[in-house]
Structure formats: C-alpha cells, structure tokens
Amino acid sequence: MFYPVSHIMSTPVISTSIQDTLAHVRKLMLRHHITRIVVVSPEEKPVGIITQKDMVRVLANTLKDIDNILAGEVMSTPLITVRPETPIPLAAKIMLEKDISSIIVVDERNFAKGIVTKTDMCRHYAERFRGVATVRDFMTKDVVTVRSSTSIYRVIEVMSENNLDRVVVVEGKEPVGIITSRDLIFGVSFKERRKTGRCVGRGSRIREIGLKAYRRASIALMAEDVMNYPLITIKEDADLADAAETMLREDISGLPVVDDTGSLKGIITKSDITRAIAFIGGETIT
C-alpha cells in the first residue's frame, strides 16, 4: 500500500508574513527548532518559503542587516504544494524534481494543513525500509570540500555558488569536520543550544557574539573555527536505515562516508534518503 503524506507531515505549520523581517524569521527558526519558515499572505494562505539556504544566499550577496530585509523579498516562489492524500513516494519525487527540501500540504481551499520535510522522509525510511539498501547504493560520491584554513567568507561563497546546505572540511583525504547552513546563520548547533542554553556549536569556537558582529568578523574566521567536530561518519556498506537513524538521533542532515582507512568516499544526506524513497518506495512498502 502507499502511505499518504498525511501519515508523516509535521503540524502545525510555522509561518510568517510577507512584511516580517529576516531577523524575525531567524528568531522563529531558533524558537521552534526548524530550518524553514512558510510565508503567508494577508489571507493566511501560503505563498512562499524561506530556508536556511536562502539566508546563506542573502548573507553572501548583500551587506544589509537582516532586520532591514523583508521576508517577501527573499522567499522562494512559486510554492510547491500537495494534497493530504498524495502518496509519499510521489511527494518525494516532486521534491527531488523541483529541488526543494520541503513540500506544503494544503486542503481544497489552499490553506496549509502540514509540511513534509526531508527529515520526515528520513524518519519514514528508518521505520519502513530496513534491509532494503546500503549507503553505497544512494550516497553522493562527488563531495564539495574546503580546508580547515579556508576563510568563512569563502565557505559562504562556495555554499552559495553550489547551492549547498553543507560542506565537508578535509585535511588531505580525511574528513575532519562539517559546516552547515545553520552554523553560518546561527553560529550554533541547535542540539547544543537545547543542552546548554548557550550559543556554542558542537566543537565550535564561536561564542555568543551576536549575528551582526559575527557577520562583520567572518572574514577573519576560518572553517576550523565554526565546523562541527568530532565528525560523525558512516561506512559504505552500512544499512541505509542506519544512516537515516543516525541523522535523526544526532540532529544532523548529512554523514560523510569513509572507507576503512578513514578516507572520504562520499556523503549520504537526507536528500539521498528522499531519493531512495522516490526510487524504491512504491515497490517495497506493503
């Protein structure tokens, strides 16, 4: 049988208005521990979405402070939506084809009923697909990397140029850390904020200096100053469901894949898990 997206969608949908600022959007992301905010019209209907990747793009291309930038100026449109009865594999296929990391579930009046993210896809895979595929089957082999001495200014450029949510930090062939959009936007791991209440990333040297000061100082910071470490990795022959479970448990969106020598062979992300569901979902869920 095909499970509908209503089976895995997250509710309620956290939203903001077109006239709200990116500073407000950032606060909502922190408060609700989410990576995207739906933008709604005055009639409360969804019209766009802002993700952490969008905020990295803004940081890379403007000198304006985010409290002077409106949500309506940077939101991604048109908004892709599905109905609650849409099969999960079909929703996964749409997300991949449209290159989006979430999809809004709407009713017949176009009001938002829920949101399906790649995290929801990851959880669904972990619950339903154990023993179906290995990490090697769906990992991304071409990994964009930076050195630990790369400036954060350049890291932001690399992520923006390649439309990425993360880059792996390497020394030689060995991965030593990872930098994500959330690290650049917040300078903090959500997981550590929940544990300590302080703005300190897992292994990061960033302290609570404030977003404006962080942006002004970023040209002097190196990748090693903000990367997450110690790095969590996975082997090529591991069950893909184990990769999904690890990402959910550790609250991360990607795992560098290494061989027995510790050399980087690829990366497995929630996007790859979503691709697995689109490819094999309809044939294997009964």
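The values are calculated or read from the model by the stated rules, or taken from the named source; none is laboratory data. Just so it is clear, the model here is predicted, and its values are computed rather than measured. Note: ideal-geometry Cβ built from the backbone for every residue, glycine included; neighbour counts use all protein chains shown.
Filter segment 1-55 down to the residues that are under 18 Å from residue 118 (Cα atoms) and assigned to a helix (DSSP H, G or I) and list them by number. 5, 6, 7, 29, 32, 52, 53, 54, listed by residue number. Before we move on, is residue 274 touching a Pro at 6+ places or on another chain (Cβ under 8 Å) and either modelled with pLDDT of 95 or more or over 17 Å from residue 169 (Cβ atoms) (or both)? Spelling it out, it is not the case that residue 274 is touching a Pro at 6+ places or on another chain (Cβ under 8 Å) and either modelled with pLDDT of 95 or more or over 17 Å from residue 169 (Cβ atoms) (or both).
Restricting attention to segment 1-12 and to residues that are modelled with pLDDT of 95 or more and more than 17 Å from the chain's Cα centre (by Cα), the residue that is surrounded by the fewest Cβ atoms within 10 Å (Cβ to Cβ) turns out to be 7. Pairing residues of segment 22-50 that are over 24 Å from residue 99 (Cα atoms) with residues that are at pLDDT below 90 and surrounded by fewer than 16 Cβ atoms within 10 Å (Cβ to Cβ), at Cβ distances under 7 Å and at least 6 apart in sequence or on separate chains, gives 23/67. Against the conditions (1) in contact with a strand residue (DSSP E or B) (Cβ under 7 Å, 6 or more places away or on another chain); (2) assigned to a helix (DSSP H, G or I), residue 105 satisfies every one except (2). The set of residues in segment 72-89 being assigned to a helix (DSSP H, G or I), closer than 15 Å to residue 41 by Cα and touching a helix residue (DSSP H, G or I) at 6+ places or on another chain (Cβ under 8 Å) consists of 74 alone.
Listed here are the residues, each with its yes/no results for (1) at pLDDT 90 or above; (2) out of contact with any helix residue (DSSP H, G or I) (no Cβ under 9 Å at 6 or more places or on another chain); (3) more than 30 Å from residue 9 (Cα to Cα); (4) loosely packed, with under 15 Cβ neighbours inside 10 Å.
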| residue | (1), (2), (3), (4) |
| --- | --- |
| 117 | yes, no, no, no |
| 120 | yes, no, no, no |
| 139 | yes, no, no, no |
| 158 | yes, yes, yes, no |
| 172 | yes, yes, yes, yes |
| 181 | no, no, no, no |
| 195 | no, yes, no, yes |
| 202 | no, no, no, no |
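Do you know which of the residues in segment 122-137 that are buried (at least 18 other Cβ atoms within 10 Å of the Cβ) and small (Gly, Ala, Ser) is nearest to residue 244 (Cα to Cα)? By that ranking, first place goes to 126. Restricting 63, 30, 22, 90 to those that are buried (at least 20 other Cβ atoms within 10 Å of the Cβ) and hydrophobic (A, V, I, L, M, F, W, C) reduces the list to 22. Within segment 56-71, the set of residues being part of a helix (DSSP H, G or I), of a type outside the set (A, V, I, L, M, F, W, C) and closer than 16 Å to residue 184 by Cβ comprises 57, 61. Examine segment 90-97 for a residue that is part of a strand (DSSP E or B), at pLDDT 95 or above and closer than 22 Å to residue 53 by Cβ, and state whether such a residue exists. No, there is no match, as no residue in segment 90-97 is part of a strand (DSSP E or B), at pLDDT 95 or above and closer than 22 Å to residue 53 by Cβ.
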